[in-house]
Amino acid sequence: MPILSDRWIREQARNHGMIEPFSEKQVREGVISYGLSSYGYDLRVSDEFKIFTNVNSAVIDPKNFDERSFVTVQADSVIVPPNSFALARSVEYFRIPRNVLTICVGKSTYARCGIIVNVTPFEPEWEGFVTLEISNTTPLPARVYANEGLCQILFFQGNEPCEVSYADRKGKYQKQQGIVLPRL
């Protein structure tokens, strides 16, 4: 499964709306970089965050998620408490082609601060804003900046289109608009 280049990503974004809004070059001055890179795209985190808290002694249960498990924050930056977790969403909206799968990896600037980003693969024909999972693995509070780069998406092309895509399966996270919580 070959990794796709900046040329392919640019063409798909321009002609097929694969990434909107799309930044043709890496934006770096005064911000944590985002935009098109050699073999990927560095997406931005929006200003919407859900910070996990234990104030209400809720239990995290993916089959019965209690919304009292977090506080919602809209800000230019947010503090993720020590050894804690936050959800956010991407600024960019993605439309993945039928013969492509993506993998998301964290950016080194945040990784060197103990911030780990986990995002499941964008499956063929998935589309939506990305719900981002941000872990602060340190014993210190950590700041995350809105509208700046958070993680990098790598695009892989299959030898042929998949038989059944995420859209065909009517995936439960298809066309998500905001921060989407666990669903059954």
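Of the residues making up region 142-179, those that are more than 20 Å from the chain's Cα centre (by Cα) and hydrophobic (A, V, I, L, M, F, W, C) number 2. Among the residues of region 18-59, those identified as of a type in the set (A, V, I, L, M) and surrounded by 13 or more Cβ atoms within 10 Å (Cβ to Cβ) are MET18, ILE19, VAL27, ILE32, LEU36, LEU43, VAL45, ILE51, ALA58.
Of the strands (runs of 3 or more DSSP E) lying entirely inside region 1-110, those carrying at least 3 residues that are closer than 25 Å to ARG183 by Cβ, modelled with pLDDT of 95 or more and not hydroxyl-bearing (Ser, Thr, Tyr) are 40-52, 84-95, 100-106. The set of residues in region 80-96 being more than 17 Å from the chain's Cα centre (by Cα) and over 16 Å from LEU132 (Cβ atoms) consists of PRO81, PRO82, ASN83. Figure legend. Inter-residue proximity from region 82-94: first residues among the charged types (D, E, K, R), second residues assigned to a strand (DSSP E or B), beta-carbon distance below 6 Å, spacing 6+ or different chains. Indicated pairs: ARG89/SER46; ARG89/GLU48; ARG89/PHE129; ARG89/THR131; GLU92/ILE19; GLU92/LEU43.
The values are calculated or read from the model by the stated rules, or taken from the named source; none is laboratory data. Please read all numbers here as calculations on a predicted model, not as lab measurements. So basically every Cβ, Gly included, is an ideal-geometry build from the backbone, and we count neighbours across all protein chains shown.
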